[in-house]
1. Filter the stretch 70-93 for residues that are among the β-branched types (Val, Ile, Thr) and within 20 Å of residue 59 (Cβ to Cβ); which is farthest from the chain's Cα centre (by Cα)?
2. Pairs under 9 Å by beta carbon, first residue more than 14 Å from residue 113 (Cα to Cα) and at pLDDT 95 or above in the stretch 83-100, partner of a type in the set (Lys, Arg) and surrounded by fewer than 18 Cβ atoms within 10 Å (Cβ to Cβ), six or more apart or different chains?
3. Given the condition closer than 15 Å to residue 129 by Cβ, at pLDDT 95 or above and open to solvent by 80 Å² or more (accessible area, probe 1.4 Å), answer yes or no: does some residue in the stretch 52-61 qualify?
4. Among the candidates 66, 91, single out the residue that is in a loop (DSSP other than H, G, I, E, B), open to solvent by 50 Å² or more (accessible area, probe 1.4 Å) and in contact with a strand residue (DSSP E or B) (Cβ under 8 Å, 6 or more places away or on another chain).
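The values are calculated or read from the model by the stated rules, or taken from the named source; none is laboratory data. Not measured: the values here are computed from a predicted model. Cβ atoms come from the backbone with ideal geometry, glycine included; neighbour counts cover every protein chain shown. Accessible surface is based on the protein model in full, side chains and every heavy atom, while ligands, DNA and RNA are left aside. Shrake-Rupley method; radii C 1.70, N 1.55, O 1.52, S 1.80 Å.
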Amino acid sequence: MTTPPGPDSPPPGADNPPTGPDSPPPGADSPPPGSGGGEAGVGGDGAGPGGAGGDGAGSVEVLDCRGQRCPLPVIALARRLPELPVGAVLRVLADDPAAAVDIPAWCRMRAQQFVTAIPDGPGYEVRRTH
C-alpha cells in the first residue's frame, strides 16, 4: 500500500532531473575517474614533498654504505638516485677507498653531478640531474 504525497513532497518526477538535448548527461557534474577530483593527495601530480615537481633544493638524503666494498656503494647509489626528485642531493657514506674514484667516475658515465667529497664522513654528494 502506498501513501499519497503530502504537502511537503516534491511533485512526481522532481527527483529525476530532466533529460533532453540541452541537459547534461547523468554524472556530468562530477569529475571523470582518475582526474584527481577525489580526495586530496590521492593520485596527485607528484608536485608535493618528495614528488617529481620539487627541485630537491636543501634536502640531502643519506645512503650509508660504510663497511661495504667495491662495487656495492656504487650499486646502491645507482639504485637509490632514480627514486629521488631531479635536483635532490644524495650523500653516500662509504669508507672503501675505491669509492673515492668509483663514485665520481659513475657520475661522469651517467651524467649526474658529483657535488663534493666529504672527508669527515667519508662521504660523497651526488646531485640528480635528470
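1. 92
2. 93/66; 94/66; 95/66; 96/66; 96/69; 98/69
3. The answer is no; no qualifying residue exists.
4. 66
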